[in-house]
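To start, the structure itself, in structure tokens.
Just so it is clear, none of the values below were taken in a lab; they were calculated from the coordinates. The shown structure was predicted, so the numbers you read here are calculated from the model rather than taken from an experiment. Methodologically, a virtual Cβ is constructed for each residue, glycine included, from the backbone with ideal geometry; neighbour enumeration extends over all protein chains shown.
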Amino acid sequence: MDSIIVTGNGPLNGQIPIAGAKNACLTLMPATLLSEEPLTLTNAPRLSDIRTMSALLQSLGAEVSQLQDGKVLAMSSHALDNHRAEYDIVRKMRASILVLGPMLARDGHAVVSLPGGCAIGARPVDMHLRALEQLGAEMDLRDGYVHARAPKGLKGATVEFPFASVGATENLLMAATLARGTTQLKNAAREPEIVDLARCLERMGAQIQGAGTDTITVQGVDRLGGATHPVVADRIELGTYMLAPAVCGGEVECLGGNLELVGTFVDKLQEAGVEVSQTQAGVKVARRNGRVRAVDVTTAPFPGFPTDLQAQMMALMCTAEGTSVLEERIFENRFMHAPELMRMGARIDVQGGVATVTGVERLKGAPVMATDLRASISLILAGLAAEGETIVNRVYHLDRGYERVEEKLSGVGAKIERVNEQ
């Protein structure tokens, strides 16, 4: 099993390229199921989750080819011969549920295993199912599978989500493109990944208004065509690498980044005393004057502070001057990185969904264990600024969301290597 060894090596300086968004790409890929014509995605990230989604689509009969070293995904669903998404693939990734809406909309039936994923909360799919039922689908849950039918096709309706679920918004947005009549999605998620999906669907011929607001209106069409679409930059990878010089000191430019993707996060960085600016090539971040200041953070749906940057922000707050309070309001059980940071000398008190972090002057390297994707990178960030050597174990989570971490960080002066321990 792979481990990553990090040794504190002082400030970081240079440039880090930001990949296409994992969460956007995983949503865009199932859109190929809506059309018989090819869909090509450029700026695709090279991640294990992308390979898992590729395998799932191929199991349904879609063709998926990785071109240009994996940065281009060429897909075609002209010959779907299977409408059953099996547990062995779906269990690896919760985003697999996103094949349900497109298959149901295009062919009127689908059988999809209930999904798995990492252990950061329940994230139930019942909202997806109830919303699709409002479009006329018939749902039957048995033997761990969702058996969905729409023998007369889907029909437009007004769907109001009980909360702004990203996945449910994505599933319904895709399904609604081929539903008869008009569908209105209220209390819809507003994330950039939703906007990116809508732009791709519009390129395929969909009629969509309001993406990026809490009300999305879709006028169904008879068919969708092919398209070529660039995947939006990954705002979570962007935020993560923006934190690297904040944690270690130095100046790093994140190539391809856009401050519009991470507005609330940037506000907190600047409040902590970190310099942030937009450049022609991306986003520049610098920390020059000693320790950062402690700031309080509460996670919230976009445009609020992203839950997927909470663990990384905690790594920064571990060495801040003062005491910070981090409140997690999106997922339960998402402070599993806290005990590992405490092994490095961090002072953290977790009470339910609130973590109080009292900054220390310096962390110390230690063997730690990654519990999920974002925890993995938070421990690496902490190790970059710690005295001595930090060994991060169980980093297979990391490869689900970050491509070539060692290469990108070593390129700006980090001392980091991956080792395989049999």
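List of remarks:
- When only alpha carbons of the chain are considered, Rg and Dmax amount to 21.6, 65 Å.
- Sites THR182 and ASP296 - FRET efficiency at Förster radius 41 Å, r taken between beta-carbons, to 0.05: 0.45
- Cα principal axis extents for segment 22-230, largest first, Å: 42, 37, 33
- Helix 235-248 axis versus longest C-alpha principal axis of the chain: approximately 0°, rounded to the nearest ten.
- Packing here is the average count of other Cβ atoms within 10 Å per residue, and on that basis the peptides 196-206, 358-368, 374-384, highest first, run 374-384, 196-206, 358-368.
- Among beta bridges from DSSP that stay inside the chain, the antiparallel ones total about 70%.
- Secondary-structure-derived ellipticity at 222 nm for the chain, considering helices only, amounts to -8000 deg cm²/dmol, per-run term -39500 (n - 2.57) for DSSP H runs with n ≥ 4.
- Ordering of 6-16, 346-356 by burial proxy (mean other Cβ atoms within 10 Å per residue, highest first): 6-16, 346-356
- Whole-percent pair-distance distribution, where bins are 5 Å wide, for the alpha carbons of segment 219-292: 3, 15, 25, 19, 11, 5, 5, 6, 4, 3, 2, 1, 0
- For the residue pairs LYS364/LYS415; LYS71/LYS284; LYS22/LYS268; LYS284/LYS408, the alpha carbons lie more than 18 Å apart in LYS71/LYS284; LYS22/LYS268.
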